[in-house]
Amino acid sequence: LRRPQESTDVASIQVSMSCLAIVFSLFIVAGSIPSRLNVSLSIQLLAAGLVSLFLFVLIPACLAVFSRVHLLGGFSLRLPKWWFWLAAVLLGGSLWPYIYELEISILTDGRIEELKQIYERFEGNLKAVPLWIKLVSLAVAPAACEEFFFRGFLQKSIRVRTSATMSILSSAVLFGLFHVIVKDALFFERLLPSTLMGIVLGIVFERSGSVLPGMLLHVMHNGLLIIVSEFESELTQLGIGISERQHLPASVLIGAAMPIAVA
């Protein structure tokens, strides 16, 4: 961990693993702080977005500066070719039906009822939160910050020591493990869907050499899930009952498969 004499574009594995240990430890502690604040749910959600910024951007950036890692190169903040932006848009808009299907396939009826009881505690307050706040705090902030750390910093560092496949899989599994922890509870059913999403994001990062397309993909994916939840009553009228764990129509899955194949 001795500070290097010369600058570099990639963090060493020692630095990235130390950063992972720090971020994961603080994530367990700080992740539940916003929900404990005696403020409105809107302020709690915005505070959660700031926690993501602190954990996944500020801490890695500080360690990178200390380790003489160039921020632009060390976090792969370069502009990619235009077709990677297109691939990100196609994947960001079409992956969510399959992630949704995977999630409801994993959940048992008993677990569904348990999660409904947890959700009903704050469902009314959540509906009162403006959509833009939910999008900023639950889609934009966590997605952009997580990509900055997991792909731009961690996966790139692992890639120096191992193959592309191993770096993608390892960063995806770590990405999935982070999503198991939600406030004061463990949601193990989130591990597989989040890891699968991490693999897709890792492939996009490996192929493009930039963290930016993954950020766009991740933001779009999270945003669409929030919008689906926001317009749940309208979807129910169309025969799609999200809360009842109904499967999506085959036409939706087939339609989503086309842009995924193109991407």
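The values are calculated or read from the model by the stated rules, or taken from the named source; none is laboratory data. These figures come from a predicted structure and were not determined experimentally. For neighbour counting, all protein chains shown are included, and Cβ atoms are generated from backbone atoms with ideal geometry for every residue, glycine included. When the accessible area is computed, the model is the full protein with side chains, heavy atoms only, and any ligands, DNA or RNA have been set aside. Shrake-Rupley method; radii C 1.70, N 1.55, O 1.52, S 1.80 Å.
The table below gives the values:
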quantity	calculated
Filter result for V204 (of a type in the set (A, V, I, L, M) and outside any helix (DSSP H, G or I))	no
Pair list, Cβ < 8 Å and 6+ apart or interchain, from segment 68-80 residues that are at negative phi to residues that are among the charged types (D, E, K, R) and open to solvent by 80 Å² or more (accessible area, probe 1.4 Å)	L72/R78
Helices (runs of 4 or more DSSP H) contained entirely in segment 131-199, each with at least 1 residues that are without any contact (Cβ under 8 Å) to a residue 24 or more places away in the chain	131-135, 164-178
Hits in segment 1-10 (condition: open to solvent by less than 90 Å² (accessible area, probe 1.4 Å), assigned to a loop (DSSP other than H, G, I, E, B) and closer than 27 Å to F175 by Cβ)	D9, V10
Segment 11-40: number of residues that are crowded, with 19+ Cβ neighbours inside 10 Å and either out of contact with any strand residue (DSSP E or B) (no Cβ under 7 Å at 6 or more places or on another chain) or within 30 Å of A128 (Cα to Cα) (or both)	6
Of the criteria (1) touching a His at 6+ places or on another chain (Cβ under 8 Å); (2) under 23 Å from R78 (Cα atoms), which one L191 fails	(2)
Extreme residue, surrounded by the most Cβ atoms within 10 Å (Cβ to Cβ), among residues of segment 208-263 that are part of a helix (DSSP H, G or I) and at pLDDT below 75	L235
The one condition in (1) free of Cβ contacts under 8 Å to residues at least 60 places away in the same chain; (2) under 22 Å from S170 (Cα atoms); (3) touching a helix residue (DSSP H, G or I) at 6+ places or on another chain (Cβ under 6 Å) that S16 fails to fulfil	(1)
Candidates L50, L58, L72, L79, filtered to the one that is in a loop (DSSP other than H, G, I, E, B), over 16 Å from V182 (Cβ atoms) and open to solvent by 60 Å² or more (accessible area, probe 1.4 Å)	L79
